[in-house]
Amino acid sequence: MTNTAAALVLADGRIFRGRAFGAQGTTLGEAVFTTAMTGYQETMTDPSYHRQIVVATAPQIGNTGWNDEDSESKGDKIWVAGLVVRDLSRRVSNWRADRSLEEEMSAQGIIGIQGIDTRAVVRHLRDKGSVAAGLFSGEAVTTDEDMLSQVKQQPGMEGADLAADVSTDEVYVVEPEGELTHSVIAYDMGIKTNTPREFSRRGVRTVVVPSTTTFETIQQLMEKYSATGVFVSNGPGDPATADVTIEQVKKVLDAKIPFFGICFGNQILGRALGMETYKLKFGHRGVNVPVIDHRTGRIDITAQNHGFALKGNAGEEFQTPFGPAEVTHTCLNDDVVEGVALKSGLAFSVQYHPESAAGPHDSNSLFDQFIEQLDAHKSGKSGQTTKS
């Protein structure tokens with residue numbers, strides 16, 4: 001266990017000192033916290049955490065080690081900018097572990113800090129909001145003034161266009177398990193590995209495309225693969241910068257192609273329908289966020305990671321160029337919009353992660369809902385969605 005000095009420096013001047021683990025040096029990003037008690041490997045490899053220094057609220061991290069099965073990014077890449085923990089487990093204790101968390105962080109050049117009061121950090125972030133931050137370890141720990149200057153000079157998350165950083169550069173296909181039932185085109189805004197896997201388990205082929213793919217290319221791919229729907233994934237950054245993708249989604253809706261979006265995809269659908277977005281004070285990050293469906297009264301406990309949200313009110317109905325729409329879901333903690341849909345059934349989206357990696361499986365049935373939508377569209381029984 002190293003005694004190398006490390007510091008977490010927040011842009012508002014607050015500094016927390018501890019010990020280094022993983023790689024050493026300097027990393028910059030936005031300090032955020034996650035309330036998840038488990039699933040740190042899935043969190044760290046989730047592309048939605050790009051440019052974020054994650055503070056774990058669970059007191060001990062690393063006890064289950066690191067394995068070669070649970071990573072949620074292509075190539076098993078760690079996307080978090082850095083990791084902040086109270087207690088780094090001294091011993092790995094899980095039969096699936098291939099190595100320790102620290103070994104994997106060192107191999108991928110990810111900087112961590114341990115031995116600090118993470119409760120104090122989280123209370124500070126809840127009070128002040130997510131802020132620009134930096135992790136400094138080893139020789140990178142210099143004067144307070146120098147480290148603070150580096151932190152303040154980094155670009156902010158508002159206006160950050162990060163989807164291109166994490167998206168695939170080329171089209172790839174994830175084939176279904178068993179008999180093929182449908183094919184869908186999936187915009188990779190930072191897609192997690194388990195999302196195409198959930199489609200695959202249901203007999204759906206997923207054609208994953210870059211975040212900047214044009215509608216004309218989508219049409220060509222739909223013809224090539226006999227695809228019947230479009231999906232937009234989770235991802236990092238400010239949805240106000242996603243104008244290119246939003247314009248393509250508008251064309252998808254205008255063509256009456258079934259649509260499903262999650263997380264960033266929810267914000268993209270909302271913007272395509274005319275809604276505005278804003279930055280949350282400290283965001284929703286964890287696997288225990290309660291969400292209510294106002295159409296049914298059903299409450300799901302959900303996995304989430306987002307720092308931006310749609311402006312709207314529970315059950316609100318509004319007109320769009322594609323027909324009437326409504327706010328279908330909100331968060332029970334703070335009334336933040338968690339889902340929108342066209343009332344025709346043509347398109348729907350949620351702000352959370354139904355692929356559940358990690359997290360509860362309450363909302364996993366949303367994949368089935370999309371397939372039912374595709375079935376209805378294919379059979380010509382979906383009302384306004386009978387033609388594409």
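Observations, loosely collected:
Residues are listed down the side, and each one gets a yes or a no for (1) charged (D, E, K, R); (2) on the phi < 0 side of the Ramachandran plot; (3) in contact with a Lys or Arg (Cβ under 6 Å, 6 or more places away or on another chain):
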| residue | (1), (2), (3) |
| --- | --- |
| Thr241 | no, yes, no |
| Ile246 | no, yes, yes |
| Phe259 | no, yes, no |
| Phe264 | no, yes, no |
| Leu280 | no, yes, no |
| Arg285 | yes, yes, no |
| Val291 | no, yes, no |
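- Here Asp98 meets each of (1) in contact with a Phe, Trp or Tyr (Cβ under 9 Å, 6 or more places away or on another chain); (2) in contact (Cβ under 8 Å) with a residue 60 or more places away in the chain; (3) open to solvent by 60 Å² or more (accessible area, probe 1.4 Å) with one exception, condition (2).
- Where a residue in region 169-185 is closer than 17 Å to Phe367 by Cα and its partner, wherever it lies, is part of a strand (DSSP E or B) and basic (Lys, Arg), with Cβ under 8 Å and at least six apart: Val174/Arg205; Glu175/Arg205; Pro176/Arg205; Leu180/Arg205; His182/Arg205; Ser183/Arg205; Val184/Arg205
- Each residue in region 101-134 was checked for being of a type in the set (Lys, Arg) and either in contact with a strand residue (DSSP E or B) (Cβ under 8 Å, 6 or more places away or on another chain) or surrounded by 14 or more Cβ atoms within 10 Å (Cβ to Cβ) (or both), and 2 of them qualify.
- Qualifying positions in region 311-337 - out of contact with any Leu (no Cβ under 9 Å at 6 or more places or on another chain), under 23 Å from Leu253 (Cβ atoms) and not small (Gly, Ala, Ser): Lys311, Asn313, Glu316, Glu317, Gln319, Thr328, His329, Thr330
- Selection over region 70-106 of residues that are farther than 23 Å from Ala357 by Cα and in a helix (DSSP H, G or I) gives a count of 1.
- The single residue among Ala325, Ala347, Ala341 that is touching a Lys or Arg at 6+ places or on another chain (Cβ under 8 Å) and among the small types (Gly, Ala, Ser) turns out to be Ala325.
- Residue-level analysis places Thr212 among those that are over 24 Å from Glu42 (Cα atoms), surrounded by fewer than 19 Cβ atoms within 10 Å (Cβ to Cβ) and hydroxyl-bearing (Ser, Thr, Tyr).
- Strands (runs of 3 or more DSSP E) enclosed by region 220-333 - at least 3 residues per element that are in contact with an Asp or Glu (Cβ under 8 Å, 6 or more places away or on another chain): 277-293, 299-310, 323-331
- Qualifying residue in region 210-229 (condition: of a type outside the set (Ser, Thr, Tyr) and on the phi > 0 side of the Ramachandran plot): no
The values are calculated or read from the model by the stated rules, or taken from the named source; none is laboratory data. All figures in this text were calculated on a predicted structure; none of them were measured in a lab. Don't worry about glycine lacking a Cβ; one is built from the backbone with ideal geometry, like all the others, and counts go over all protein chains shown. Ligands, DNA and RNA are stripped out before the accessible areas are found, and what is left, the full protein with its side chains, is counted by its heavy atoms. Shrake-Rupley method; radii C 1.70, N 1.55, O 1.52, S 1.80 Å.
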